[in-house]
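We did not get these values from a lab; they are worked out from the coordinates using the rules stated. Only a predicted model underlies this, so the values are computations on that prediction, with no experimental measurement involved. Ideal geometry is used to build each Cβ from the backbone, glycine not excepted, and the neighbour counts take in all protein chains shown.
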């Protein structure tokens, strides 16, 4: 391997602030903060927005959207447009004899 072209691989603490969860893992990520870990040593700290501790897929706490409310909101928004004012053909309105 050539010297000086590879990033430094070292242990880094990744912290998910949303779930109050941290884990120690090897990485090449650049960090400006440090934290004292459970073993008493100080490691670089990289803060993440989401991890397996806070992601809905892994936690099982899925959020379902109110789709009926969204459809009604859309219909109300465009009820006065030319598209919404289309009427059925007159022949279709009369019952067949």
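Okay, here's what the table says:
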| item | result |
| --- | --- |
| Stretchable slack from residue 15 to residue 2, in nm (0.36 nm times residue separation minus alpha-carbon distance) | 1.4 nm |
| Residue exposure sequence - 35, 50 - by fewest surrounding Cβ within 10 Å | 50, 35 |
